[in-house]
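I have placed the structure first, in the form of structure tokens, so that the comments after it can refer back to it.
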Amino acid sequence: MGQQKVLFEAKDMFKSFGVTKALKEVKLELKSSEVLGLIGENGSGKSTLASIIAGIWAADSGSMFLEGQQYFPKNSMEANYSGICMILQEKSTFDHLSAANNIFIGAEKRFVKAGILDGRRMKREAAKVLQEIGASHISPSDMIGNLSFEDGKLVELARAVSIKPKILIVDETTTALSRTGRDILYLIMEKMKKGGNSVIFISHDIDEMVDKCDRLTVLRDGNYVDTLEKKDFSTQVIRRLMVGREISDNYYRTDSESCKNEEIVLQVKDVIAGKLDNISFSLHKGEILGFGGLADCGMHDIGRIAFGLLSTDTGEVKDAKGKKIEAPAQAMSRKIGYIAKNRDQEALMTNSPILDNICIASYDKLSKNGCILPGRENKFVDYLADQLEIKMQDSKQYVMELSGGNKQKVALAKWLGFGADILILDCPTRGIDIGIKSNLYNLMIKLKKEGKSIILISEELPEVIGMSDRVIILKNGRISGEFRREAHPTESLLIDYMV
Amino acid sequence: MKNQKENIVLKKINFKTIFPYLGLVGVIVFFQIYSGGRVLSTANFKAIISECFFIIIGVTGYIFIMAQGNLDFSIGSVMGLCCATAAVGAGIHPLLAIPFAVVPGIIAGYINGFVHVKLKIGSLIGTMSVQYIVNGILVLALAGGSLTAPISMLQWNTLTVKFIVIIIVLSAGFYVFRFTAYGKRCRAIGSCAEAAKQSGVKIGKLKIAAFMTVGAISGLLGFFSLIRTGTSTVLTGSELFMNVLCAALLGGIPLSGGAGAKFSSAVIGSLTMAFLTNGMVLMGLSTYDKQLIKGIVFLITIAISFERKNLVVIK
């Protein structure tokens, strides 16, 4: 492989966000006709590096070369013109425009004649591109807002392909895609390689990286660690390079007994709401009930209905005594706590001190004759921060300055302090490093032993399988399968129920 | 490395917190020099208290609305209307003037809250509409004339009364804002309404409560306006909104609300505003000159203190 010429090179890249140094002297070398994997834990700087290459951010210092020429994009449009295009994890299409408009956004000039946009020709071209990538089920005139998340991603892919990039950057896109969507993406990556172009591929899934990449560049805490050739790939080595120390393979529960307690603490009956279509299940005391499925299957709405955030069209959510739950404050009076998937927007006030974030659910408990004394708050927070080992300067520090894992600990401290008997955790380990992840799993096991019940909603199947007493798989808003822990469901078995 | 990090954080906080104090000192020093030492004199003390009175009480109520990230445009017109109803009440019995002022204020506050929460109209547009409606009612009710209070009531307008009222309102406001669940939840709403909701805060109720608090305060100010001037006219309260908002911003209360809203800002801002107005009076500026200068100060304050990074449009 040594004779391949270098297509792109980045040297001595530095980038800071405020006081956080995201990149420290990072380098990257991309050869032509290869898929280069960029791997590292959250906060390792891989997305930052990719975004700088794609012109979304500018580096503080460092130099980049595209085909030997100095490359210095001012914005993502300029990067596009140079032949570099990036697909993001988040949705980056325009809801109120058609698929065709989205595909050719910024390139409308091609279809303009005498100042008038030839919409029909644009649609024809769009259909051709969609056909080419194997997504002909999407019509060019479909509004993006009416498409599923996955189809929206495919439109983004079509847009990228239509630019005919020399370098395609794929950032954590596969987690949002079903198997069909992934196959389309893999096919595009293959085609890029065959055409002498290259792909920078970012994914959390180590197995996927090992399978799809020709070389892997590992980053850790904003530092360049190493680049591995395909022949040197091994999961164990990659993981060690990512974390910087040996990580045991198993940090999930070790027992294989499911919870046998018959006492029901929460019951959901015949619920139709949001994406959910006729869902019934019950949660038992001391049980970890896992929900899995594709991103679009409606599992996130499970948490929202159980906490009374999303009102049901039909059916009901009841507590142990059969009383209905219809609002968050009501759910809390039954000792239910909820941490949303969008932690920073919904579960935490990132613009407030840690103290306020932890105390907010417990003001009734903390006040004496209507007065909340600072001393009581401080004691309350210090105890919880100590228990959960939250890394902070002091409790007056703003939450936005914390790392993802510590933010999640703050959210958990809020509910532990509140004294929740039922915890609903939606993607609790999303964006969290392996170290803190295992902390969280241990905490869940401890809570389970104390007789608390947990609803665990997660997009990561190994986590759902590894932690739950019972796993419920959703597909298109319906329950498609239910497995007890003793049955040892495997990932591939569950995927069959998901798609 | 750690020290450096702390330094950067400290620097950021310092300027933000110091700015309002610098403003206050700057205003005092400026006018002290240009008025030939008259600003800080015992004779002027009474004038400062009088000037400060309406603003400081107004801001004390207003901070709850601002903490939530909302605004209320209608406080001036509500004060005007409450001054008129207070005059009507005073006609029956002087003591009735107080409930006759405060109750309509609370009702107006409830209407503001209802429009914002139940009809889901942004507080900017909602309270602006209410402002015009209330003003319209006042103009119709006064029918081009004015209402007067019994002369005996003017004797309540003493420095001692004002001083005591300021102390009571300030301590009550400080206590509620800092040490009760209500005050803390108001700030939580401004910080992140969704997170507050998902932590059990009843947002709608608290928003209405804050509008009613401000309404009650506006009503109280209507009463004090009556005993100060003895009359209720269509112009009563017309300067209140601008003065209160200006004072709040000068004191450093962020428009976006949240944890950055500090009670001390209410006091500092009100004093700055009072010294500013008073100083301009001492310099013999006309009403229009004063408005011109206030407008410029307002703009400079916002330009310096506004958080452009997390720019939040007032809802």
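The values are calculated or read from the model by the stated rules, or taken from the named source; none is laboratory data. Please read all numbers here as calculations on a predicted model, not as lab measurements. Positions of Cβ are generated from backbone atoms using ideal geometry, with glycine treated the same way; all protein chains shown enter the neighbour counts.
A few remarks follow.
- Taking the conditions (1) under 14 Å from the mean Cα position of the chain (by Cα); (2) modelled with pLDDT under 95 in turn, B:G260 satisfies each one other than (1).
- Any hit, the stretch A:292-302, residues being at positive phi, buried (at least 16 other Cβ atoms within 10 Å of the Cβ) and either in contact (Cβ under 8 Å) with a residue 60 or more places away in the chain or within 10 Å of chain B (Cβ to nearest Cβ) (or both): yes
- If the condition is being free of Cβ contacts under 8 Å to residues at least 40 places away in the same chain and either within 13 Å of another protein chain (Cβ to nearest Cβ) or over 18 Å from the mean Cα position of the chain (by Cα) (or both), then the stretch A:402-424 contributes only A:L416.
- Per this entry, A:K407 is counted among residues that are in the same structural domain as A:K446 (by TED's automatic domain parsing), over 22 Å from A:A329 (Cβ atoms) and either assigned to a helix (DSSP H, G or I) or at pLDDT 95 or above (or both).
- Of the residues making up the stretch A:382-401, those that are more than 13 Å from chain B (Cβ to nearest Cβ) and either assigned to a helix (DSSP H, G or I) or under 19 Å from B:Y182 (Cα atoms) (or both) are A:D382, A:Y383, A:L384, A:A385, A:D386, A:Q387, A:L388.
- The stretch A:10-69, subset of a type in the set (S, T, Y) and assigned to a strand (DSSP E or B), residue modelled with the lowest pLDDT: A:T20
- Qualifying residue in the stretch A:82-93 (condition: of a type outside the set (D, E, K, R), exposed (fewer than 14 other Cβ atoms within 10 Å of the Cβ) and either closer than 15 Å to A:A160 by Cα or out of contact with any helix residue (DSSP H, G or I) (no Cβ under 8 Å at 6 or more places or on another chain) (or both)): no
- The condition of being under 21 Å from the mean Cα position of the chain (by Cα), over 30 Å from B:S152 (Cα atoms) and surrounded by fewer than 24 Cβ atoms within 10 Å (Cβ to Cβ) holds for only one of B:F30, B:F19, that being B:F19.
- Residues that are away from chain A (no Cβ under 14 Å) and either over 23 Å from A:K365 (Cβ atoms) or under 20 Å from the mean Cα position of the chain (by Cα) (or both) do not occur anywhere in the stretch B:185-195.
- Residues that are more than 14 Å from chain A (Cβ to nearest Cβ), part of a loop (DSSP other than H, G, I, E, B) and small (G, A, S) do occur in the stretch B:120-139.
- Single unsatisfied condition, B:V161 versus (1) out of contact with any Phe, Trp or Tyr (no Cβ under 7 Å at 6 or more places or on another chain); (2) more than 11 Å from chain A (Cβ to nearest Cβ); (3) of a type in the set (A, V, I, L, M, F, W, C); (4) buried (at least 23 other Cβ atoms within 10 Å of the Cβ): (4)
- Selection of the stretch A:333-345 for residues being crowded, with 24+ Cβ neighbours inside 10 Å and in a helix (DSSP H, G or I) yields an empty set.
- Boolean, A:S362 is in contact (Cβ under 8 Å) with a residue 24 or more places away in the chain, among the hydroxyl-bearing types (S, T, Y) and either touching a strand residue (DSSP E or B) at 6+ places or on another chain (Cβ under 6 Å) or assigned to a helix (DSSP H, G or I) (or both): yes
- One residue from B:S305, B:S232 being surrounded by 18 or more Cβ atoms within 10 Å (Cβ to Cβ) and either at pLDDT below 90 or aromatic (F, W, Y) (or both): B:S305
Conditions tested, residue by residue: (1) surrounded by fewer than 24 Cβ atoms within 10 Å (Cβ to Cβ); (2) under 21 Å from B:V165 (Cα atoms); (3) in contact with a Lys or Arg (Cβ under 9 Å, 6 or more places away or on another chain); (4) not hydroxyl-bearing (S, T, Y).
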site: B:I92; (1), (2), (3), (4): yes, no, no, yes
site: B:A97; (1), (2), (3), (4): no, yes, no, yes
site: B:V103; (1), (2), (3), (4): yes, yes, no, yes
site: B:I106; (1), (2), (3), (4): yes, yes, no, yes
site: B:Y110; (1), (2), (3), (4): yes, no, no, no
site: B:F114; (1), (2), (3), (4): yes, no, no, yes
site: B:V117; (1), (2), (3), (4): yes, no, yes, yes
site: B:I121; (1), (2), (3), (4): yes, no, no, yes
site: B:I125; (1), (2), (3), (4): yes, no, no, yes
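- The residue that is surrounded by the fewest Cβ atoms within 10 Å (Cβ to Cβ), among those in the stretch A:310-332 that are of a type in the set (A, V, I, L, M, F, W, C) and either within 14 Å of chain B (Cβ to nearest Cβ) or assigned to a strand (DSSP E or B) (or both), is A:A329.
- Among the candidates A:F281, A:F307, the residue that is of a type in the set (A, V, I, L, M, F, W, C), under 30 Å from A:K91 (Cα atoms), modelled with pLDDT of 95 or more and crowded, with 16+ Cβ neighbours inside 10 Å is uniquely A:F307.
- Residues that are within 8 Å of another protein chain (Cβ to nearest Cβ), of a type in the set (A, V, I, L, M) and within 17 Å of B:Q198 (Cα to Cα), drawn from the stretch A:351-374: A:I360, A:A361
- When the criteria are applied in full, B:F179 fails the requirement of being touching a Phe, Trp or Tyr at 6+ places or on another chain (Cβ under 9 Å) and surrounded by fewer than 19 Cβ atoms within 10 Å (Cβ to Cβ).
- Among the residues of the stretch A:342-349, not a single one is of a type in the set (K, R), under 15 Å from B:F179 (Cβ atoms) and more than 7 Å from every other protein chain (Cβ to nearest Cβ).
- In this structure, A:P328 does not satisfy being closer than 18 Å to B:Q198 by Cα and either touching a Ser or Thr at 6+ places or on another chain (Cβ under 7 Å) or among the β-branched types (V, I, T) (or both).
Results for (1) more than 26 Å from B:S191 (Cα to Cα); (2) of a type outside the set (G, A, S); (3) modelled with pLDDT of 90 or more, shown as yes or no for each residue.
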site: A:S403; (1), (2), (3): no, no, no
site: A:A413; (1), (2), (3): no, no, yes
site: A:G419; (1), (2), (3): no, no, yes
site: A:D426; (1), (2), (3): no, yes, yes
site: A:I434; (1), (2), (3): yes, yes, no
site: A:Y441; (1), (2), (3): yes, yes, yes
site: A:M467; (1), (2), (3): yes, yes, yes
site: A:G481; (1), (2), (3): yes, no, yes
site: A:L494; (1), (2), (3): yes, yes, no
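- Restricted to the stretch A:424-499, the set of helices (runs of 4 or more DSSP H) holding at least 1 residues that are among the hydroxyl-bearing types (S, T, Y) and surrounded by 16 or more Cβ atoms within 10 Å (Cβ to Cβ) comprises A:434-449, A:491-498.
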